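*Asks:* Supplied in structure tokens, the structure appears directly below.
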Amino acid sequence: MRMDCQVIRLAEVRVTQEQEQAVISVLRSGQLAMGQHTKEVELRLSSLLGGAHCVAVSNGTVGLTLAMAAAGVGPGRDVVTTAFSFIGTIEPVIQLGASPVFVDVDMDTGNLDIAQVEAALSERTAAIVPVHLYGRPVDMTALRSIADRWRIPIIEDACQAIGAKHVDGSMVGSSGIAVFSFYGSKNVTCGEGGLVATSAPEVAERVRLLRNHGSGVAYEHQAIGYNGRMTDIQAALLQSTVDRVGAVTRDRRAHARYYDQSVHNPHLVKPPWSEADGNCWHQYTVRTHSEAARDKLRAWALQLGVETRVYYPTALSALPLVRKLGFGRSCPRAEALSKTVVSVPVRESLSESEVVQVGEVLDGWRPDL
Ligand SMILES: Cc1ncc(COP(=O)(O)O)c(C=O)c1O
């Protein structure tokens, strides 16, 4: 097993020559924002996402804000969402004056427990926001049947799920309303960036308007909007990576498959694996049996040259700030996961020997080491 100081990083951004050239061409064009590259990236993403209307935005959090605002999230309303995610899922809810209502999660997937959703709904609910955590799609068929019965829109936080597929084989984002992030750590990235994808033309139209100060025609404003525009520099960086989504997902999947097949460690719980699922493996996340064990695993892995990270060390429902604001709730499973999950590198740029090294670390670790 390797014991040198070369650490296998969890995330790594590699900029291709094609991307460099594309950015230079933007810099020389004189049109740095919302120009031809933004239009082109929207078209490419639309073709990736089965023809969905695509609105490129400055980042995922802004995308969620625009989608929620378009869905009527505002003062006096609730948004029902998962207790286990990044704070970017709920910041827009609170910024818009609404209240997040947390639903506990499924222990195995970390995704919201659909069986608990209905009890959280009320006439105050403006939207349900599931998160496809670590790139694993939530069962949207089951969730949609509840939402349809209540006539409540769903906004999918797909910030970690570009390239993921639903059980019926359709791309996440090809139907309904979904928001993606292209932040530096994501499967495809332009540093900062986001996308609202929707099969509903009226939602796309509203999001486009809100993205641009509520304006369709210069200096005419139909709504108090936001500045959520993507720059052409972001779009140029993203353009060629859109074409690589399939290959990136395939490679991450192959690494996840390798870990699933080669790690047989009774002290770890591996994520569920199925050839048929549409997980895009944004993270490969295992669980230990205690927080202390997780700390030991992380230290041991680092000693053996493997970086690990914890997504997320505190459940949203247990964040001190969220509790202070009065939105806290006891969600025991989300809290248990926050103490025991740990993610290891699964990125597509890993070499074969690095994948083997990560697998050995997971397989060889014992709590008494
Ligand atoms: C689940 C989730 N929601 C929201 C966000 C916010 O996206 P961004 O960082 O692009 O604003 C992220 C990514 O960071 C995320 O992982």
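*Asks:* Can you tell me which of (1) on the phi > 0 side of the Ramachandran plot; (2) more than 16 Å from the ligand (Cβ to nearest atom); (3) buried (at least 24 other Cβ atoms within 10 Å of the Cβ) is the one L49 doesn't meet?
*Replies:* The failed condition is (1).
*Asks:* Just to be sure I understand, how many residues within region 68-123 are among the polar types (S, T, N, Q), farther than 28 Å from R208 by Cα and within 12 Å of the ligand (Cβ to nearest atom)?
*Replies:* 1
*Asks:* Output the number of residues of region 258-272 satisfying the condition of being within 21 Å of A164 (Cβ to Cβ), of a type outside the set (D, E) and surrounded by 14 or more Cβ atoms within 10 Å (Cβ to Cβ).
*Replies:* Residues flagged as within 21 Å of A164 (Cβ to Cβ), of a type outside the set (D, E) and surrounded by 14 or more Cβ atoms within 10 Å (Cβ to Cβ) within region 258-272 amount to 4.
*Asks:* Next up: Specify the residue that is nearest to V355 (Cα to Cα); the eligible residues are those in region 230-257 that are buried (at least 19 other Cβ atoms within 10 Å of the Cβ) and of a type in the set (S, T, Y).
*Replies:* Result: T249.
*Asks:* With a cut-off of at least 2 residues that are of a type in the set (G, A, S) and at pLDDT 95 or above, name the helices (runs of 4 or more DSSP H) lying wholly within region 283-369.
*Replies:* 291-303, 332-340, 352-364
*Asks:* Please go through (1) assigned to a loop (DSSP other than H, G, I, E, B); (2) within 20 Å of G194 (Cα to Cα); (3) more than 14 Å from the ligand (Cβ to nearest atom) for P137 and return the number of the only condition it doesn't satisfy.
*Replies:* (3)
*Asks:* Does A158 fit the bill of being more than 11 Å from the ligand (Cβ to nearest atom), touching a strand residue (DSSP E or B) at 6+ places or on another chain (Cβ under 9 Å) and under 30 Å from E20 (Cα atoms)?
*Replies:* Here the answer is no, as A158 does not meet what is asked.
*Asks:* Further, regarding this structure: All but one of (1) surrounded by fewer than 22 Cβ atoms within 10 Å (Cβ to Cβ); (2) over 21 Å from the mean Cα position of the chain (by Cα); (3) more than 30 Å from W300 (Cα to Cα) hold for Q6; which doesn't?
*Replies:* Single failed check for Q6: (3).
The values are calculated or read from the model by the stated rules, or taken from the named source; none is laboratory data. Please read these numbers as outputs of a predicted model, since none were measured by experiment. Cβ: placed from backbone, ideal geometry, glycine included. Neighbour counts: every protein chain shown.
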